[in-house]
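**Student:** Please see the structure below; I have some questions.
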Amino acid sequence: MLLLLLPLTREAIRLPRVSHPDAEALAEMGWGHGLRAWEGLRLGSTAGALLVAAASGAPLALVLVAPVLPSLWIRARAGAARERARRARTRIVLATEAALRSGSSLPESIRRAVAASDDALASRPFREAVAAFDLGAPLDLSLRQAAGRCRDRRSALALETLAVGLGERLPRERIADLVGNVADRLVFEERLDDEVRARAGGVRAQVRLLAALVPALALYLSITMPGLAATLDGPLGRTVLLPAAAALEIAGIVLSTRIVREALR
């Protein structure tokens, strides 16, 4: 019945767009080999884990962790890239303020600051806004659109502030003062981030050490104790012990990371 009524629909049916779960992290990290190569790497790690498990006699249930390890690695690398980009955007705002103080217009100041930055992820929203302005779009609208696509709250705030200054038709000196205030706020929050990370670094290191120690100890005991290996490879291990251990490990890592992340917002 649905197939028969399909030609009678006046509006096109749009299916939800499904993207790869690691696509955004790969783009932020700078992976340039495509999703097929990434999935090939994931399959290779799974095949390697199967060979190691078959040669060592480890429980096959531990192999389920192998496809997740590349995603965890790429997300950690993407998080580090976002942190570097956040700091680089602060330098871009400072360079924009310096160019405005020297007498350049705001588009030319942003263009110079972006050209002086060597971080492609940090300069992407500014570069997109200037490129849209070069094609004829209003600069304030381009900055607001770039702020809407930016995941970093502080960078979005900086772009939105620049857009407000342009929308109010402020003189160049007032815009320079506005950019200077934004730069001071970004520098302050950057120093606050460093202090929070320094205070929480020891606890986070302990959580990661324990998270790596428990699976390594389980693997060692499974190799040296055949009875434990048989228990983990049996129904009790596959359905209760290993899923519960993995859930507790993931919950500890997620909660420790979220506490620091909430403090940095």
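The values are calculated or read from the model by the stated rules, or taken from the named source; none is laboratory data. In this text, all values refer to a predicted model and were calculated from it rather than measured experimentally. No Cβ is skipped: glycine too gets one built from the backbone with ideal geometry, and neighbour counts run over all protein chains shown.
**Student:** Pick from segment 91-144 the residues that are within 27 Å of the chain's Cα centre (by Cα), among the charged types (D, E, K, R) and part of a helix (DSSP H, G or I): which of them is nearest to residue 170 (Cα to Cα)?
**Tutor:** 140
**Student:** Hey, residue 104 hits all of (1) surrounded by fewer than 21 Cβ atoms within 10 Å (Cβ to Cβ); (2) in contact (Cβ under 8 Å) with a residue 12 or more places away in the chain but one; which does it fall short on?
**Tutor:** Looking at each condition in turn, residue 104 falls short on (2).
**Student:** Whether any residue in segment 203-214 is under 30 Å from residue 161 (Cβ atoms) and surrounded by fewer than 11 Cβ atoms within 10 Å (Cβ to Cβ) is what I want to check. Please lay out each step first, then the result.
**Tutor:** Restricting attention to segment 203-214, the residues satisfying the condition of being under 30 Å from residue 161 (Cβ atoms) are none.
Taking every residue of segment 203-214 in turn, none turns out to be under 30 Å from residue 161 (Cβ atoms) and surrounded by fewer than 11 Cβ atoms within 10 Å (Cβ to Cβ).
**Student:** Give segment 125-134 a look and list any residue that's touching a residue at least 12 places away in the same chain (Cβ under 8 Å) and either in contact with a Gly (Cβ under 7 Å, 6 or more places away or on another chain) or over 11 Å from residue 93 (Cα atoms) (or both), or say none. First the steps, then the outcome.
**Tutor:** Of segment 125-134, the ones touching a residue at least 12 places away in the same chain (Cβ under 8 Å) are 125-130, 132-133.
Selection gives 125, 127, 128, 129, 130, 132, 133.
**Student:** Filter segment 132-142 for residues that are surrounded by 17 or more Cβ atoms within 10 Å (Cβ to Cβ) and either among the polar types (S, T, N, Q) or modelled with pLDDT of 85 or more (or both) and give the result. Don't jump to the end; show me each part of the working.
**Tutor:** The first filter runs over segment 132-142 and keeps only residues surrounded by 17 or more Cβ atoms within 10 Å (Cβ to Cβ), leaving 132-133, 139-140, 142.
Correct list: 132, 133, 142.
**Student:** Filtering segment 163-185 down to residues that are within 29 Å of residue 25 (Cα to Cα) and free of Cβ contacts under 8 Å to residues at least 60 places away in the same chain, which residue is nearest to the chain's Cα centre (by Cα)? Explain how you work it out, then say what you get.
**Tutor:** Taking segment 163-185 as the starting set, the residues that turn out to be within 29 Å of residue 25 (Cα to Cα) are 163, 182-183, 185.
Applying the additional criterion that residues be free of Cβ contacts under 8 Å to residues at least 60 places away in the same chain yields 163, 185.
Details: 163: 25, 185: 23 Å.
So the residue we want is 185.
**Student:** Considering (1) in contact with a Lys or Arg (Cβ under 9 Å, 6 or more places away or on another chain); (2) at pLDDT 85 or above, say which one residue 93 fails and leave the rest.
**Tutor:** Tallying (1) in contact with a Lys or Arg (Cβ under 9 Å, 6 or more places away or on another chain); (2) at pLDDT 85 or above, residue 93 fails exactly one: (1).
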